[in-house]
Structure formats: structure tokens, C-alpha cells
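Student: Got a structure here, written out as C-alpha cells. Questions coming.
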Amino acid sequence: MSENGSLLALLKEHFGFDSFLPLQEEIIADSLAGRDVFALLPTGGGKSLCFQLPALARPGLTVVVSPLIALMKDQVDALRAAGVQAAFLNSSLDAREMQARGQALNSGEYRILYVAPERVMMPGFLDALLRWNVSLIAVDEAHCVSEWGHDFRPEYRQLASLREQMPQVPLMALTATATERVRSDIVRYLKLRDPACHVGSFNRPNLTYRVVPKQGPYSQVLDFVRARPNESGIVYCHSRRGAESLAERLSDDGVKALPYHAGLTPLERTRNQETFARDDVPVICATIAFGMGINKPNVRFVLHYDLPRSVENYYQETGRAGRDGLPSECLLLFSNSDAVKYLRFLDEITDPHEREVTRKKLDEMVWCAESAGCRRRELLAYFGEEYANENCGACDNCLFPRKTFDGTALAEKFLGALLGIKQKSGFSVGAGHVAEVLLGSTNEKITRWRHDQLSEHGSGKERNRKQWAELGRELVRQGILRRDEERFNVLEVTDEGRAVLAGRGQVMLPEAVEATAKATRVRLECDETLFERLRALRKRLADERDVPAYVVFSDVALRQMAREYPSNEREFSRISGVGATKLREFSALFLREIAEHLGSNERLQFTASRPAEGMRSEPRSGRGRLGDSPASTLRQFRAGRSPEEIARERGFVLGTIMSHLVLAAEAGEDIDLTRFLTSEQGTEIEEAFRTAGWQNIVGARERIGGRYSYELLRIYRATRLAKTATVATQSLPAGAAARSRAVLRAAAVVPLFP
Ligand code: ADP
Ligand code: ZN
């Protein structure tokens, strides 16, 4: 068997997966070739597998350095459930247990050993390592080595002694966060030798982003959480007290929630985190203290009750949603007054440089939150990554583009007042003061500076103070105003602004966003009743074994079971996440549960079952399960690879890959069309089909001058049809599906091209 073939076989046997996630294979190959590796993959990118698989591919022991004791146990439990001999050593073990593990290590019983960094410096440990035939040392959360990271752990610096002690053993450093500076610290402090660097995309395609104005935040949270029963989520709060009282109020209102913050005792913290990890409470209300330790893969939403301190924080915190790759939601309740509140604390920072950095980060966060552009693109841009698609299809601004209106007159008023003030007083002011002038206020400053004598005084009563301040920020965004470099709040009119005042420019302003917190839900379809049943079974099995639920099976696996209704071992073994050990241990129980369910419930079809009238396509062949090869293409496509890349990697021509996607779309799989088409192109194709008839693909193609391939048109048609049918079967009367977009939106199903 080729090297790659044997890796794939191991991947299926132990982990139950059919293909690698992006870069996993490359990282593993470099490591097996004996190179040092630096791997920077986003949360959910599948870092653990990068060292777990090589550990199984060759003899010897893989030592994993991991900073969190709580996580080690879960990881080891998960490996054992997958039939891998693994153990951890840390301070939670008593002397007898330590000795037993030491002996097992001496006789080579384990493939993987997790240790805390401080263990490495304990007397005798390095000598023991020499006896254990170590083949790889993996340093997880490697950014902890750097003071520039967000989680500096001095013990990490001592890990270099591993390299000195065992210069021949390759190292692998993994992290999800690393700026250039942190990256070079990792290489330097861990003494990596000419490492192969693998940096993955930071895009999290399964996350949807949404920002809504914070208005009555408690009921916004309550509504949101209540609309998602049985789903796990994190609500991030600014203060300990905030987290504490939110958890209490939610519990009083019947939503089980626990707090997590640095003010709790370590014991309380561990207990709350564990209760959450084990799905015993769905919601945790946390401060930023709740972070790195969360490897719960099925966090379905992250809600920001208060403004994050920086875009980086926002990315990291939202990143804790959807590690398992299933659709998950991120919702930020935005209020500029949160920012103003934090700004007041800035004075407490004594170091002027640090103060400036903190302020700048906050400003960027506000900027991002108020932006009308694609949130995904802006987040990625923040990390220096370019997002190529026009429309991500999964953020509020892409799904529901903000309407704009001609705000030239409003802008002129604001600019006029600002310039009037400057002329009169010789200095400029901030948006707050401009607003006071426009509103005709007679506060102390206004009278002292005689700004009540300006012609603009009292001329802007059609908007309130908050709206004028918002307008000020929008004008900064558009380059019509700029902030004074030294006095941050003070505004100056730019040349562009002067052009507007001179009547040589139009200013378009975005309309206000509604404050409803009910984000669009996108999720993999499955038989929800069966899914709940399987979840209950999983919970029981997990509790019996005293492990978190995901150690038994991930949500991905359960949802796939609740879609495909496997009825025998062979079918069960095809489920993602079912390896040899889990097949042996769990298949009978789950198969029985599925069979019992089908005994009293109908089997649901997850394909377009009732296409709307006038849209019926050619009879479809091969509905239902996809063949292995198209399924593998689909997985890679969903993992973010382009058809071109997939073709190259799999050694196929592009047409084959496209035809796989056609098969997938026609089998009812969801294909993200925005990766192929802009919304204009989508509209063009839509029109062509409407006139030529949905069954007439040749005619439709002629109408658009043959500009798109048949494959693409077929993918479009199948996707369009499936979506409409989903709406029709879910909540609309038959035939209504083809109606307006407003209807689609009301049904909370993502329209193809909103
Ligand atoms: P990270 O540490 O990078 O955040 P994890 O190692 O926790 O990521 O993996 C995230 C999720 O992806 C886990 O649920 C894991 O089981 C799953 N996963 C890892 N590799 C694969 C793969 N090749 N195919 C499918 N799922 C995978
Ligand atoms: Zn977007």
C-alpha cells in the first residue's frame, strides 16, 4: 500500500474519517519524514489528529505537551474510546497511579503520552524519556511560549531542554493563534530546526456572523437561547458580575446556565466547565477567563452580550463555536456605549504605549461591528488573509445587505456645524459636542464657548444624540472626517468632506439595523426526532463511562445517522467518526435505537421531495447516498478547497470534480453557490431558467450565450430546487415556495441570492 493509502486506512480505522482536513496530510507527511513542523490551523482545524495519526503510523512513543490538565483527560479518554493506547501524567495522579503508568511506559504500552509543561523539568523525567523510545514531541498551544501571545506560560520556555536532551527526535509545534512575532518566538524558544511551516486559512466556513444593536439585551439573549433548546452556547460578558447575574436570571427564567469567571474558586470553575462540557447545562455565561480550555466541539452559538475588547478577541471567542464543523452562530449585541465605557478605564493604564494599543484595538472592534461590509472578509483581512468571494452567504451583511439612503443633507449639517465651531473657536471638537450643538443644547460648554450663537445651533433636531454620534463614526469610516491623531475623539473634516460641503459629492448612509436577535439558522438537515433520541443514548453511554458526550460520537456522526438511517454494521461503519473500535463497541446499540425509531416513525427523505410547480426537473437518478468518490469531493469542497485544488490533489480533470458536485447537488446536498457565482450571475441564470423552463437546460444555456458550463447550471438548478422544496415542506403551503424572497427570509432559510 502506498504511504498515503496506509495513512488513510489508519485514519478510518482509528478515527473513522475518510479524508483529511486541509493541511493535515501535509503536516503528517512532513512529520513522518522526520522534519520539525510548525502548524498554524484555526480552532476546529483538526490539530490533534496531526500528531495522533503519526503516533500510530510508526513505533515509539509520541509525547504531547499540553497546558491544561482538564483537557488531557478528555483527549486521552477520546483516544481510548478510539482504541488507541494513551495516557497522561500530571499532578492529579496519586503516587501509586504514577508508578503504574511509569511501568507501562517502560514496557512500551502506550503510543501517546500527554504531559503538562512543568512535568518536563521534574527530576528524572528527561532521563525517563530517553528510555521510552520517543518518536515525536508535539507541543500543543505553542503560542504559550511567547510573551506576545495572549496566554504566556513561563514553563513553556523550558521545553527547549527536550530538544537538547533528544536532538534526534522531531518536534511539532501547533497553535491556533500566532502573529508574526509569536511565530518567531515559537521557532526560537522551542529551537525548531528549519521547520516545515503550514499555515491554514482562518476562515471558518461553518460560522455565521451577525451583529445587532444592543437594546434590552437581557430579553435579546433570552429570546435567542429559548429559540435554540438543546443547543450549547457561550454568552460572553464583560464583567464577572455581569456573567454571574446573567446566569442567574437565565436560570430563573428556566434556561439552565452557569457562570465562569476568574472570581470563582478553581474547583467551581472546573465543575462548571465540566457540567457544560457534558451537556448537563446548555449555556455558560463567561468572561474572557473562559478560553483555551474549551474543546467542546458542539458549541452551537457564541453570543457577545458586551463588546469584545478587540477584533482578535472577537475572532478567538466566536471561534469556540462549531469546532465540529457543523453550522454554528455568532451573534454580537453591539452598543457604542460599551466602547465608551471601556474608554473610561483606559486612564487606569499607566503605560502610554499600552494605553494607545488598547484604545486602537477597541476602535478597530467598533469599526468592525459597525461595518456594512462582509464580516467574514473583514475578519480575515484583520489577520492579513484575503477572502476571495464577493458574498460569503453567511453573515448578516451578505445575507441581508444594508439598505442605503442619500444622507448628503445630514452629512452637510454635521460637517457645517463642525467647521462652524472650528471657525468660531479655533479648535475642533468630538462628535458628542457637535451633536449637542445640532440639538440646540445649552450646556455649560456650549454657553461658555458661545456655540449657541452658531447658525447650526438647534438645526438638527430630526435625529437624536446617538444617531448623530453614529453618523460621525460613519463619516470617519467613509473618509469624510478623520480623527485627530493625538486627541482621539476630536474630528477634522478631510478634503473629501470639504468636497461634500461644496456640493461636489454624495454621501450614502446605511439604514439602521433591526435589533431582533433571531439570527438566520443554517443547519445540516436530519431527522431531528431521531437525532434527539440518539443524543439521549449518547449521553447515557457517556455518563456510564464518565466522559464527555463527544468522546462517544460527535454531533456530526449523530446527524449523519439521523439522515442515513444505517441498518447494518456495514452501513454504520460508513458514518464519519466510526472507526473499528467504536463500531465494535457502539454499533449494536445505535442500530437498535435507529430501528426502534423507524418502527414507530416514518423515514424522512432529505432530498427535494416536493419541488414547486413549474420547477420540476428531469427525473433524477441516483438520489440518496452518494458514491464514495463524489462524497469525498463534496467533503473537500466543503472543507474550503476549490474544485481546481481538489482536481489537482486527486489527480482528476476538473470536469470530473464538477460532475461530482452535480451528483451531490442532485442528491440533495447543499452546495454553496456563492463560491462560483456572484449574485448578479445568479440572477442572470435564474432569469434564463425562468424563461427557458427549468427542465430546458440547453435552452437556458443558450439564453446566456453559453457562458456557464452545463455542470454549473445543473448545480444551480438542483440547489435552487432543493432550497425551494425545503421551504415548501417546512413551513409554506405547497406552491408558495417560488414567491418572494421575503417569504424565504421569514421561513429562516437562506435564499440563494438575497
Ligand atoms: P483543533 O484542535 O484544531 O481545534 P480538533 O483536533 O479538536 O481541532 O478537531 C476538531 C474536530 O474536527 C474534532 O471534532 C475532530 O474529531 C474533527 N476532525 C479532525 N480531523 C478530521 C478529519 N480528517 N475528518 C473529519 N473530522 C475531523
Ligand atoms: Zn459575508
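Student: Kindly write out, for the range 254-263 in residue order, the coupling ³J(HN,Hα) from the Karplus curve 6.51 cos²θ - 1.76 cosθ + 1.60 (θ = phi - 60°), rounded to whole Hz, with x marking Gly and Pro.
Tutor: x, 9, 5, 8, 10, x, 8, 7, 6, x
Student: On each of the three principal axes of the Cα atoms of the range 528-600, give max minus min coordinate, whole Å, ordered largest first.
Tutor: If we take the Cα atoms of the range 528-600, the spans are 31, 24, 18 Å.
Student: Oh, and also: Sorting T442, T350, T318 on the 10 Å Cβ count, fewest up front, what's the list?
Tutor: The most exposed by this proxy come first: T350, T442, T318.
Student: Continuing with the same structure: For V134, which sequence-distant residues (separation of 5 or more, or a different chain) have an amide H within less than 5 Å of its own amide H, given hydrogens modelled in the peptide plane?
Tutor: Answer set, sorted by chain and number: L61.
Student: If each of E274 and L343 carries a label point 7 Å out from its Cα toward its Cβ, how far apart are those two points in nm?
Tutor: The two pseudo-label positions are separated by 4.5 nm.
Student: Helix-derived [θ] at 222 nm for the chain: sum -39500 (n - 2.57) over DSSP H runs of at least 4, divide by residue count, nearest 500?
Tutor: Calculated from helices alone, the mean residue ellipticity at 222 nm is -14000 deg cm²/dmol.
Student: Now for a separate question. At 0.36 nm per residue, and after removing the present C-alpha to C-alpha distance, how many nm does the segment from S184 to R603 gain when stretched out fully?
Tutor: Fully extending the segment from S184 to R603 adds 145.4 nm.
Student: Just rank I137, I575, fewest to most, by other beta-carbon atoms within 10 angstrom.
Tutor: Taking fewest neighbouring Cβ atoms as first place, the list is I575, I137.
Student: Tally Lys and Arg at +1 and Asp and Glu at -1 over the other residues with C-beta under 15 Å from the C-beta of E496: what net charge comes out?
Tutor: +1
Student: Would you mind checking which residues have amide H under 5 Å from C197's amide H? H placed 1.01 Å from N; only 5 or more apart, or other chain.
Tutor: F38
Student: Could you give the length gained on full extension between D253 and T350, defined as 0.36 nm per residue of separation minus the Cα-Cα distance, in nm?
Tutor: 30.7 nm
Student: Between V698 and Q165, what FRET efficiency follows from the Cβ-Cβ distance if R0 is 51 Å, with the result rounded to 0.05?
Tutor: 0.15
Student: Which of the lysines could a cross-linker span from K445 if the Cα-Cα distance has to be under 23 Å and same-chain partners fewer than 8 positions apart are dropped?
Tutor: Straight-distance partners of K445: K341, K413, K422, K424, K461, K466.
Student: Given Cβ point charges of +1 (Lys, Arg) and -1 (Asp, Glu) and nothing else, what value in debye, to the nearest 20, does the dipole of the range 3-199 about its Cα centre take?
Tutor: 320
Student: Also, I was wondering about something else. For the chain, build the convex hull from the C-alpha positions and give me its volume per residue in Å³.
Tutor: So the per-residue hull volume is 191 Å³.
Student: In what order do W694, W367 fall by count of nearby beta-carbon atoms within 10 Å, going from fewest to most?
Tutor: In order of increasing Cβ crowding within 10 Å: W367, W694.
Student: To continue, here is another question. Using amide H atoms built in the peptide plane, which far-off residues or other-chain residues are under 5 Å from K214 H to H?
Tutor: So K214 has HN proximity to F334, S335.
Student: So how far apart, in nm, are the two label points at E364 and Y387 if each is 7 Å from Cα heading toward Cβ?
Tutor: Label at E364, label at Y387, 1.6 nm between them.
Student: Looking only at the chain, where both bridge partners belong to it, what percent of the DSSP beta bridges are antiparallel (to the nearest 5)?
Tutor: 10
Student: While we're here: Just grab the label-to-label distance for T691 and A409, each label 7 Å out from Cα along the Cβ direction, in nm (one decimal).
Tutor: 4.0
Student: Viscosity 1.002 mPa s, temperature 20 °C: Stokes-Einstein D of the range 404-510 from its Kirkwood Cα radius, in µm² per second?
Tutor: After rounding, the answer is 158 µm²/s.
Student: A further question on this structure: From the gyration tensor of the Cα coordinates in the range 140-280, what semi-axes in whole Å does the equivalent ellipsoid have, largest first, with each one equal to sqrt(5λ)?
Tutor: Ellipsoid semi-axes (Å, largest first): 39, 19, 14.
We did not get these values from a lab; they are worked out from the coordinates using the rules stated. In this text, all values refer to a predicted model and were calculated from it rather than measured experimentally. Reconstructed Cβ throughout: ideal geometry from the backbone, glycine too, with neighbour counts over all protein chains shown.
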